[in-house]
Amino acid sequence: MNPLLYPAEKVASAVRNGELSALDYLEAVLERLKHVEPKLNAFITVTEELARRKAENIDRRVEKGLKVGKLAGVVVAVKDNICVKGVETTCGSRILKGYRPSYNATVVERLMAEDAVIIGKTNMDEFAMGSSTEFSAYGPTRNPWDLERVPGGSSGGSGAAVASGEATLALGSDTGGSVRCPAAFCGVVGLKPTYGLVSRYGLVAYANSLEQIGPMARNVGDCALLLSVIAGYDPRDSTSLKVQPMDYQTKLTDPPELEKLRIGVIKEFMGEGVQEGVRERVWNAVQSLENLGARVGEVSLKSLDYALAAYYIIAMSEASSNLARYDGLRYGFRSSDQGLDWNRAYAKTRRMGFGEEVKRRIILGTFALSAGYYEAYYLKALKVRTLIRMEFEKAFKKFDVLVGPSMPMTAFKIGEKIEDPLELYMCDINTVPANLVGIPAISVPCGLSDGLPVGLQVMAPPLREDLVFKVAYAYERTGKWMFQLKP
Ligand code: GLN
């Protein structure tokens, strides 16, 4: 088998045993990257030399018989809103051009401690605001399955990198679907973990109360492996949960039968607005799970009608506050400001540094938080959030997991939705609930519709990542979907 097709676990064990040199493997990945990257634009920065040094260091330690980590030699791509010390971190924005953080995100430290080889920083919608990776100051990323189409977003670079073999694994961030959307559109596995399970230290904030860093991989086992490495308490993130880290992979070795597992299909996810091909693929997947012994029922969550509106009000409000720090003094880009007073200089830097979509959200978020409107918008959105959480809690009394399509459609054409922000926001209808509620949600590929991948979404109660992995793995084991390198 071509090492480029090895799952992460196999790369690490082959490197550990001295059967595969980390450097040879890296060179093979780099060659692949050089071949496909001109078509895809999945990376903003490729850290070739840094990666080589790490790979050589791993090989040396293997030769000497020293211990190497769980991800020895595994090539990982990191979304460009996660800090890697000394490496430019732009968040897909002009305003952070040239910014090199002086510290590593906790997840990056954990990757390094397990001997992962970081290959670069992936393209994204500016400040993670978007669902198509078209809102990047560094040009759009293309979908490896069809270069005319978007890879999803905002972690589109990470999705495309994994699907095309530019990396073995990748990290994304998911505020309202940004891991699951590109996973679905690119035919890879992506997980949004329980809020607080993975440290956000070193993740550039978009909407703090909603987001988590999440693993992306070619298969469920690799996704579980990457989560085991990055999850766990971190005193540097005040929202980090004090839970014992789990080895999520060992949970997968359970026999993949689902005897008595109760699966609830969310009615609102399967109705109007869902592409026919998507609905069919998802029903087929549910049928496969039923054949493995699961008990399937339908569940209606009425409050979901308001999820999208509540999400966008909360996300934009938090963003308007978070993005106030980009003043041209502390980080990155600063416009020429000769003769301008402080207010004008600040405004000019921001006018030139931020893209359209980011400015739109800062304005709307500021409006929603302003005196006189706060109660009508922000506060009301918080109340809706509570209602949705309560409805999910109730549903989880009847069902162990809840399922539906990750996205109501397959990857759309580049440029198709960019003119109409509302149409783009609508794409997130199935992904935002898990962020509002804080529960784990995975997207696992479940077939093709008109030649494009479809994602099955599985959600479980807080900290039940083991359950979402179990269901996703059981589906994967039916063999109805196999990872293939694209393009
Ligand atoms: N598309 C959603 C938004 O634009 C989600 C983005 C994300 O998860 N970072 O807010």
Among M246, M1, what's the order by accessible area (1.4 angstrom probe), most exposed first?
-> M1, M246
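In debye to the nearest 20, how big a dipole does region 126-216 give about its Cα centre with +1 on each Lys and Arg Cβ and -1 on each Asp and Glu Cβ?
On the way: 5 positive and 7 negative charges, 41 e Å.
Roughly 200 debye for region 126-216.
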Can you give the FRET efficiency for R60 and E19, using 1/(1 + (r/R0)^6), R0 = 22 Å, r = Cβ-Cβ distance, to the nearest 0.05?
-> 0.85
With θ set to phi - 60°, apply the Karplus curve 6.51 cos²θ - 1.76 cosθ + 1.60 along region 327-337 and write out the HN-Hα couplings as whole Hz, x wherever there is a Gly or Pro.
-> 10, x, 9, 8, 9, x, 5, 9, 6, 5, 9
Ranked highest first by average number of other Cβ atoms within 10 Å, how do 474-487, 84-97, 9-22 line up?
-> 84-97, 9-22, 474-487
Take a quick pass over region 288-399 and tell me how many lysine pairs come in under 22 angstrom between Cα atoms, counting only ones 8 or more apart or on separate chains.
-> 9
In square angstrom, rounded to the nearest 10, how much accessible surface does M316 have for a 1.4 Å probe?
-> 10 Å²
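Percent relative contact order of region 241-389, based on C-alpha pairs within less than 8 angstrom and at least six residues apart?
Values: 123 pairs, mean separation 38.4, N = 149.
Once normalised by length, the contact order is 26 percent.
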Given H placed 1.01 Å from N in the peptide plane, which residues other than close sequence neighbours of K79 have an amide H under 5 Å from its amide H?
-> T122, L171
Mind jotting down the distance between the C-alpha centroids of region 347-405 and region 17-96, whole Å?
-> 35 Å
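Whole number in Å², please: accessible area per residue of the chain, 1.4 Å probe, ligands, DNA and RNA not counted. All intermediate terms of the calculation are to be shown ahead of the outcome.
Values: 18610 Å² over 487 residues.
Accessible area per residue: 38 Å².
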Dividing the mean separation of Cα pairs under 8 Å (6+ apart) by the residue count of the chain yields a relative contact order in percent of 17 percent
Magnitude of the Cβ-charge dipole (Lys and Arg +1, Asp and Glu -1) of region 4-107 about the Cα centre, nearest 20 debye, reported as 360 debye
For the chain, give the magnitude of the charge dipole about the Cα centre (Cβ charges: +1 Lys/Arg, -1 Asp/Glu; no others), in debye to the nearest 20.
-> 920 debye
Go through G353, F399, I442 and say which Cα lies farthest out towards the positive end of the charge dipole of the chain; charges sit on Cβ, +1 for Lys and Arg, -1 for Asp and Glu.
-> G353
In the chain the accessible area split gives carbon plus sulfur, as whole percent at 1.4 Å, a share of 52 percent
Given pairs K39/K486; K251/K480; K10/K85; K70/K251; K10/K251 and cut-off 23 Å on Cα-Cα distance, the over-length ones are K10/K85
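If Lys and Arg each add +1 and Asp and Glu each add -1, what is the summed charge of the other residues whose beta carbon sits under 10 Å from the beta carbon of S155? Working shown, then result.
Values: positive: K79, R180; negative: D80, D125, D174.
With Lys, Arg at +1 and Asp, Glu at -1, the net is -1.
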Approximate spin-label separation D420-E393, in nm, with each point projected 7 Å along Cα-to-Cβ = 3.8 nm
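If you average the sequence gap of Cα pairs under 8 Å that are 6 or more apart and divide by the length of region 443-487, what percent do you get for the contact order?
Working: 32 pairs, mean separation 14.2, N = 45.
Averaging sequence separation for qualifying contacts and normalising by length gives 32 percent for region 443-487.
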Environment charge at R200 (Cβ cut-off 12 Å; Lys +1, Arg +1, Asp -1, Glu -1) | -3
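The values are calculated or read from the model by the stated rules, or taken from the named source; none is laboratory data. Quantities reported herein were computed from a predicted structural model and do not represent experimental measurements. Heads up, the Cβs are rebuilt from the backbone with ideal geometry, glycines too, and the neighbour counts pull from every protein chain shown. In case anyone asks, the SASA skips ligands and DNA or RNA and just uses the protein heavy atoms, side chains included. Shrake-Rupley method; radii C 1.70, N 1.55, O 1.52, S 1.80 Å.
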